Amino acid sequence: MPRQLPTISDVATLAGVSRATVSRVLNGSALVAEATRRTVQDAANLLRFKPNAQARLLAGGRSHTVILVYPETDRHALTWYNLMLESGAMRGCSRHGLQLEMNLVFPDPPHSYERILRPIDTLSCDGMILAPPFSDDADLIALIQVRQMPLVCIAAGPATRPLTAGIGMDEHGAGFELGQYLLTLGHRRFAFLLGPEDHYAAGERYEGFRRAVDAVGISPANIMTYAGYFHFDSGLAGFNAVLNSGFAPSVMICASDEMAAGALHGAHQARLNLPGDLSIVSFDDAPFAALLSPPLTTVAQPVYAMAEKAADIIVARIKGDQLPYELTRPRLVIRDSARAV
């Protein structure tokens, strides 16, 4: 059980003053006698008290900072996903008069924890937003919460959603809806290019798809999987692995639009007729999805809107509101990359 951190009430009791007096001292008010100021500061130091974000926000008088933590990888520091996260969170924070800072961190727990926790330990932020895979890390979430830092998670997996407030898409429902759509088109042989193992939401997409096809009795022998990552090269490699395996799917499902772009490139290199010889579908509805050839059928993930909503939630959390994790409904965007068998 984590140790309960001291509160402003504890400082007031030890110093023998009111909470309002402690608040004035902490916010540098000139309306406090010097002797009283020293007494309050001594009590705060003795208790190792750190002003929490709620008190700082309600006190007013300065800019309040929210940290957005998202992953840097050895391949791509910035992707369309990260740019949508930044833009949405920045718009949301701006509406509330908050300053947004970006913390691009290589996901290497527990070594990455120090870099993520440093702004909290140095009292340089008032709230934190975690994007995946950090939003899937229960240990990291616990370390942030024991510091009494308001926290919001974006696109968290099922294990960490109950731990904190946040916003995400119903990934399982997205996979199920896409699977059902492909079944209505007559597809019965599937290749699925999976996302990273540590990205639990991506795993839910596959689980939702399997629920749809298992319900109609599709044999596992008619499903081939390839373990990949959310980038173009992985989609191309996955396509070639399926092509060279001898397995002949009627449709290829990619865990992200970037992977689908790589798969489409591989299909064009192999001189396949798309979608006649092979349908290709995916998830995200990235800005480039409609520009591919053929335009991509995909399940839209409203990354920008979720990041903007995360700013609304972090403000509520700073003010002390307890909020549940929210799931948005998936939306299938039908274009030209899939056809009936």
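The values are calculated or read from the model by the stated rules, or taken from the named source; none is laboratory data. Predicted model only: the values in this text are computed from it and were never measured. In this analysis, Cβ positions are derived from the backbone assuming ideal geometry, glycine residues included, and neighbour counts consider all displayed protein chains. Only protein heavy atoms, including side chains, enter the accessible area calculation; ligands, DNA and RNA are left aside. Shrake-Rupley method; radii C 1.70, N 1.55, O 1.52, S 1.80 Å.
List of remarks:
- Probe 1.4 Å, all protein chains present, accessible-area order of 177, 171, 86, largest first: 177, 86, 171
- Max mean-square fluctuation residue, GNM over the chain, Cα-Cα springs under 10 Å, options 124, 18, 293: 18
- Computed over the stretch 159-280, the range of Cα coordinates on each principal axis works out to 48, 32, 20 Å, biggest value leading.
- Entry comment: accessible area of the chain is 46 Å² per residue, from protein heavy atoms only and a probe of 1.4 Å.
- Order by protection proxy (mean Cβ within 10 Å, highest first), peptides 277-287, 250-260: 250-260, 277-287
- For residue 325, distant residues with modelled amide H under 5 Å away: 166
- When the alpha carbon gyration tensor of the stretch 236-340 is reduced to an equivalent ellipsoid, its three semi-axes come out at 36, 13, 11 angstrom, largest first.
- Our coupling estimate for the stretch 193-209, obtained by passing each phi through the Karplus curve with A = 6.51, B = -1.76, C = 1.60 and θ = phi - 60°, is 8, 7, x, x, 4, 8, 9, 5, 5, 5, x, 5, 4, 5, 4, x, 4 Hz, Gly and Pro reported as x.
- As a length-normalised measure over Cα pairs under 8 Å and 6 or more apart, the relative contact order of the chain settles at 18 percent.
- Gyration tensor verdict on the stretch 191-231 (Cα atoms; rounded if a/c is under 1.5, prolate if a/b is larger than b/c, oblate otherwise): oblate
- From the largest down, the chain spans 83, 36, 32 angstrom on the principal axes of its Cα atoms.
- Computed over the stretch 142-218, the ratio Rg/Rh where both radii use C-alpha atoms and Rh is Kirkwood: 1.13
- Protein accessible area in the chain, 1.4 Å probe - carbon and sulfur %: 53 percent
- ³J(HN,Hα), Karplus 6.51/-1.76/1.60, whole Hz, each residue of the stretch 117-127, x for Gly, Pro: 7, 4, x, 6, 5, 9, 6, 9, 8, 10, x
- Long-range HN-HN contacts of residue 231 with modeled amide H, under 5 Å: 259
- Per-pair calculated FRET efficiency, R0 = 25 Å: residue 316 and residue 42 via Cβ, rounded to 0.05: 0.15
- Amide hydrogen neighbours beyond the local backbone of residue 156, cut-off 5 Å, H modeled: 167
- 3J(HN,Hα) along the stretch 5-12, derived from phi through the Karplus expression 6.51 cos²θ - 1.76 cosθ + 1.60 where θ = phi - 60°, amounts to 6, x, 10, 4, 5, 4, 5, 4 Hz, with x in place of Gly and Pro.
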